[in-house]
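Comments concern the structure below.
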Amino acid sequence: MKSNKTLFLVEVAVLAALAYLLDIVSTALFSRIWAQGGSVSLAMVPVFLIAYRWGVKGGLLSGFLLGLLQFITGFAQIYHPVQGFIDYFVAFTVIGFAGIFASGIRDAVKNKQTGKWIGLVIVSTFIGSLLRFMAHFYTGIVFFGSYAPKGQPVALYSFIYNGTYMLPTFIISVIVIILLFSIAPRLAYVSKR
């Protein structure tokens, strides 16, 4: 039991750090496209992996650590304390709710029910991505509405701005996770010790 707790903490910490590094790379590549923050990124993939291996608790913790790492390293773009809290702590933490289907994914991968686990990965990745999108969408309306082109509703501006990187990020995350589980199914679950 103690070794599983240690494994849990190590995996959460390592994959949160990997997510942070992936986010740094993508932001460096795409910062000119999304000047107010956001980018197409693989950073959510490690959070999803933890959520599928350890459930909601692991996903929430790794997402929270990703937001915390961005905050304490000065990597976060914070224009207002509430915006910073929502865009980093809330938005990245809620990705972990993808873990609600973790047991179904693990069982389907173990039992080689490919169609079932792929469907569950798509649905759960969508849930995590949608929740993150909603956090960014809200801050886009409240804190970045002044960037909307003249005559464009602020909600539409926020929807388009955040959707342009969240939709591709969701699609890429699904593809990468499906490829990872197809190549190395053991990534989907923790071996009992």
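The values are calculated or read from the model by the stated rules, or taken from the named source; none is laboratory data. These figures come from a predicted structure and were not determined experimentally. With ideal geometry, Cβ positions are generated from the backbone for all residues, glycine too; neighbour counts draw on all protein chains shown. Surface accessibility is based on the protein's heavy atoms, side chains included, excluding ligands, DNA and RNA. Shrake-Rupley method; radii C 1.70, N 1.55, O 1.52, S 1.80 Å.
Assorted remarks:
- Helical mean residue ellipticity (222 nm; -39500 (n - 2.57) per DSSP H run of 4+; nearest 500) of the chain: -23000 deg cm²/dmol
- Computing FRET efficiency as 1/(1 + (r/R0)^6) for residue 179 and residue 75, where r is the C-beta to C-beta distance and R0 is 30 Å, gives about 0.65.
- For the chain: accessible area per residue (Å², 1.4 Å): 50
- Sorted on the mean count of surrounding Cβ atoms within 10 Å across their residues, most packed first, peptides 48-58, 154-164 read 48-58, 154-164.
- The chain: proportion of alpha-carbon pairs further apart than 20 angstrom, %: 53
- Charge dipole (debye, nearest 20) of the chain; +1 at Cβ of Lys and Arg, -1 at Cβ of Asp and Glu: 720
- Within a straight-line Cα-Cα reach of under 18 Å, residue 2 can be paired with the following aspartates and glutamates, leaving aside sequence neighbours fewer than 8 residues apart in one chain: 11.
- Only Lys, Arg, Asp and Glu carry charge here, each on its Cβ (+1 for the first two, -1 for the last two); on that basis the stretch 44-155 has a dipole of about 380 debye about its Cα centre.
- Extending 7 Å from the Cα toward the beta-carbon at both residue 57 and residue 82 defines two label points whose distance is 3.3 nm.
- The protection proxy used here, the mean number of other Cβ atoms lying within 10 Å of each residue, ranks peptides 85-94, 142-151, 15-24 as follows, highest first: 85-94, 15-24, 142-151.
- Accessible carbon and sulfur surface of the chain relative to its total accessible area, %, 1.4 Å: 72
- Folded to 0 to 90 degrees: helix 114-143 orientation relative to the chain principal axis, Cα: 30
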